[in-house]
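Take a look at the structure below.
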Amino acid sequence: MAKKEKVYIYKLYERFWHWTQAFLIFFLALTGFEVHGSFTFFGFENAVDLHNKAAWAFIILTIFTIFWHFTTGEWKQYLPTTENLKAQAQYYIFGIFRNAPHPTRKTILSKLNPLQRLVYLSLKILVFPVMIASGLAYMFYRYPSQGEILELGIGSLETIALLHTIGAYILIAFVIVHLYLITTGHTLTSNLKAMITGWEELETEEGETPVSQTIKDPVGEKIRENTPQITPDRYENKEEI
Amino acid sequence: MKNTVTFILSVVVPLVIITLILRDASRENKLLAELKEEYSQPHIPSVDHSKHEVLQRDFDNPHEITATCISCHTERGQELLNSFHFTWEREDFIEGRGVTYLGKRNLLNNFCTGIFSNEATCNRCHAGYGYSDKNFDFTNQYNVDCLVCHDNTGSYEKLRGGAGYPVPGQDFRTIVQNVGRPTKANCGYCHFHGGGGNNVKHGDLEEALLTASRQVDVHMGVDGANLECVDCHVTQNHVMKGRYYGVSSANTRRATCEQCHTAAPHLDNMLNTHVEKIACQTCHIPEYAKVNATKMFWDWSTAGELEDGRAFELYDEQGNPIYQSIKGDAAWQTNVIPEYFWFNGTADHFLLSDKVDTTEAFLRINTLFGDANDPESRIYPVKVHRGRQPYDPVYLTILQAKLWDREAGRGALWIDLDWERALVEGMKYLDRPYSGQWDFVDTEMYLPVNHMVSPASEALQCQDCHTRTNGRMQFVEGAYIPGKTTNAAVDSLGVLLIIMSFLGVITHAVIRYISHRKNKVVTSS
């Protein structure tokens, strides 16, 4: 029988990164599509200025986060796996409508289901690098030689701009689907609450040591020590949707 | 709590510090301040010509004045013989033509077509005496007119129809004792009146510049820098910087903004990046002909109409002639928004010997070379002067009409108003073939706009070009301009992707809601 336990799953930096990144992507899209000419909100000049500033913030955040991923070993969370990949896809297409259980169990060691792993990994190694590289090229491609950076010798802005625009459309599509899929946790808001507070109710198997206690996480340990124990509710009794 | 403090110290504080470092600190425009200081120094002449003994006399022969100048300035006469202001032709290389010797002496223009057979009146603006026909002696230094450029009294007048000779009986004694560095009035005496009247030709060079505010021209404005033409058109040994592409072809010896302002004059790097592809003039001359109107259109084909058997003229509300029997229809405009073209500083010209291509919508009197892929090209503001010029439909050449003469009955269009005779006389003078038939061809001439630079606060703003519709760059091709250029495929696929995502999400949510209710019913029953 599955038991439920409150687990500290998203650490402070992780949440800071996630929400800063979320804000920056929203803000970059807003200013970026104004630069694209889709609408007028800030005014073109301000939009460009804000977009560039937000871009630098995004780059700095990314550098910090890469550091965090490697020092904490969290990068392993994004290793792709084929295990359960099909089951996860089938769950979203069929299972979810039949009240079937999530095929992938969320633990601290494995927070992401196989589909998430695949999507987030492609963001990390494909979409973000392309957006950052094309964005930097967009900024610097024709700096005059007397500027700080020598001319990169790119003849036209067109390729850069189109690449950057395609990436932007993909990111918006991602955000739309992502915002929807976070409602597919145990409850409509359980994923959202977890990303805000760091705490989430996760299932543990009967007799199994709760994963949370096996993790070497001194900070989390301390927080748990200072947190009063909550009696886990039974899954079946909860209003699901 | 301690954890949060650690987090703030290790993450947030470094982020704030990095952001502060990357932020552009506001700087003072030191270069501009230095330029202002340099050019506010008054010019102090090294010589007071009124103290020269040779000038203490009256003159009635202008050649003698020149000889007197040369008696002290011994080498200047020879310099002038090689100056474009005197030769009206220069050696250039034109892509597709090779080395050419072109200038006002042998080129067409979109105004009075050319000087040929009309020299006596057109060449009032020649820096010489007696250029009344093609036999003028360009090798005689005593044919140079020193005074038109160096008279500082502002009173020197050249005679109408006098082939460059001055109006007789002027107070030459006072004039020669007050010669010096050319002023705006000297240059403007000819350059403001190109095309036969104030501001007719250029649109950005006119009499108002002698008294205008810095709103009209930030450099020449009397309440601004109050610069003289030669401050920018730097001259050494009578060789001056500056090109007018109605008669020039090469990208050399140009007077540029960069010679004072450098290629990175802005405090904002974003603006400096624009310098690579956008000429300074494009943003800083948002409009020209800011005071008096300039002629934008000249239709020769309607010239010659009579009212009650007499020549007549019609004027617009500003007093500009919109019809003249001697010149045809005209259109005038003030505060003109320039048209924009890629331009690399080289140009070609339609020559008297060139063939008119009647399949083209219009004939280019001159062609500005350049395109988006040419690293030398930048986007320039241009006055496009449109017109209709006479041409020979059989030989397909542009026809020069004889326009002017001292007397009636010698075929001058402006007196006799007879096209047939005027064209015959003009072509006979040129000694070029003429079939006897004539028609008119639509023409365009391209005059890059360089003057009437507005104060920085009036410069174009980003959204003037970076806009989807009706921007300044709407007809400029070949460049991706953010905010203006779109790729239809990328945008439609992108929007489709977003719509599909929304539809997918909504469909999924609806099915989820319905099945959830169904499941609930099943559970409760």
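Listed values, structure above:
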quantity	calculated
Answer residue from segment B:348-386, given it is in a strand (DSSP E or B) and within 14 Å of chain A (Cβ to nearest Cβ) and is most open to solvent (accessible area, probe 1.4 Å) among those	B:Arg378
Given (1) free of Cβ contacts under 8 Å to residues at least 12 places away in the same chain; (2) crowded, with 16+ Cβ neighbours inside 10 Å; (3) more than 14 Å from chain A (Cβ to nearest Cβ), number of the condition B:Leu430 does not satisfy	(1)
Test result for B:Lys290, basic (Lys, Arg), part of a loop (DSSP other than H, G, I, E, B) and closer than 27 Å to B:Ser454 by Cα	yes
So B:Asn251, is it within 14 Å of another protein chain (Cβ to nearest Cβ) and either part of a helix (DSSP H, G or I) or open to solvent by 20 Å² or more (accessible area, probe 1.4 Å) (or both)	no
Failed condition for A:His102, given (1) more than 13 Å from chain B (Cβ to nearest Cβ); (2) out of contact with any Leu (no Cβ under 6 Å at 6 or more places or on another chain); (3) in a helix (DSSP H, G or I)	(3)
Single residue of segment A:51-99 satisfying the filter (of a type in the set (Lys, Arg) and within 9 Å of chain B (Cβ to nearest Cβ)) that is farthest from B:Pro14 (Cα to Cα)	A:Arg98
Tabulated pairs, segment B:491-502, first over 19 Å from A:Gly37 (Cβ atoms) and aromatic (Phe, Trp, Tyr), second part of a helix (DSSP H, G or I) and open to solvent by 80 Å² or more (accessible area, probe 1.4 Å), C-beta under 8 angstrom, 6+ apart or interchain	none
Hits in segment B:1-28 (condition: polar (S, T, N, Q) and modelled with pLDDT under 70)	B:Ser26
Restricting segment B:485-503 to residues that are modelled with pLDDT of 95 or more, open to solvent by less than 60 Å² (accessible area, probe 1.4 Å) and within 7 Å of chain A (Cβ to nearest Cβ), the residue that is farthest from B:His274 (Cα to Cα)	B:Ser501
Subset of segment B:297-341 [within 21 Å of the chain's Cα centre (by Cα) and either modelled with pLDDT under 95 or open to solvent by 30 Å² or more (accessible area, probe 1.4 Å) (or both)]	B:Phe297, B:Ala331, B:Trp332, B:Gln333, B:Thr334, B:Asn335, B:Ile337, B:Glu339, B:Phe341
Residues located in segment A:159-178, provided they are facing another protein chain (nearest Cβ under 8 Å) and open to solvent by 50 Å² or more (accessible area, probe 1.4 Å)	A:Ile166, A:Ile170, A:Val177
Exclusive hit being touching a Phe, Trp or Tyr at 6+ places or on another chain (Cβ under 9 Å) and within 9 Å of chain B (Cβ to nearest Cβ), set A:Gly43, A:Gly37	A:Gly37
Single condition B:Val239 does not satisfy, out of (1) among the aliphatic types (A, V, I, L, M); (2) farther than 24 Å from B:Leu102 by Cβ; (3) open to solvent by 60 Å² or more (accessible area, probe 1.4 Å)	(2)
Conditions (1) in contact with a helix residue (DSSP H, G or I) (Cβ under 9 Å, 6 or more places away or on another chain); (2) open to solvent by 30 Å² or more (accessible area, probe 1.4 Å): number failed by A:Trp17	(2)
Residue selected from segment B:447-459 under the condition in a loop (DSSP other than H, G, I, E, B) and surrounded by 19 or more Cβ atoms within 10 Å (Cβ to Cβ), by the criterion nearest to the other protein chains (Cβ to nearest Cβ)	B:Ser454
Any hit, segment B:33-52, residues being farther than 30 Å from B:Lys104 by Cβ, in contact with a Phe, Trp or Tyr (Cβ under 8 Å, 6 or more places away or on another chain) and exposed (fewer than 13 other Cβ atoms within 10 Å of the Cβ)	no
Evaluation of B:Trp332 against (1) assigned to a strand (DSSP E or B); (2) touching a Phe, Trp or Tyr at 6+ places or on another chain (Cβ under 8 Å); (3) closer than 22 Å to B:His202 by Cβ (one fails), failing number	(2)
Unique match (being at pLDDT 90 or above and more than 12 Å from chain B (Cβ to nearest Cβ)) among A:Val127, A:Val48	A:Val127
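Listed here are the residues, each with its yes/no results for (1) closer than 25 Å to B:Thr273 by Cβ; (2) among the hydrophobic types (A, V, I, L, M, F, W, C); (3) buried (at least 16 other Cβ atoms within 10 Å of the Cβ); (4) modelled with pLDDT under 90.
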residue	(1), (2), (3), (4)
A:Ala55	yes, yes, yes, no
A:Phe58	yes, yes, yes, no
A:Thr72	no, no, no, no
A:Lys86	no, no, no, yes
A:Gly95	no, no, yes, yes
A:His102	no, no, yes, yes
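The values are calculated or read from the model by the stated rules, or taken from the named source; none is laboratory data. Bear in mind that the values here come from a model prediction, so they are computed numbers and not experimental data. When we count neighbours, we look across all protein chains shown, and the Cβ atoms used for this are built from the backbone with ideal geometry, even at glycine. Remember, those area values only see protein heavy atoms, side chains included, never the ligands or the DNA or RNA. Shrake-Rupley method; radii C 1.70, N 1.55, O 1.52, S 1.80 Å.
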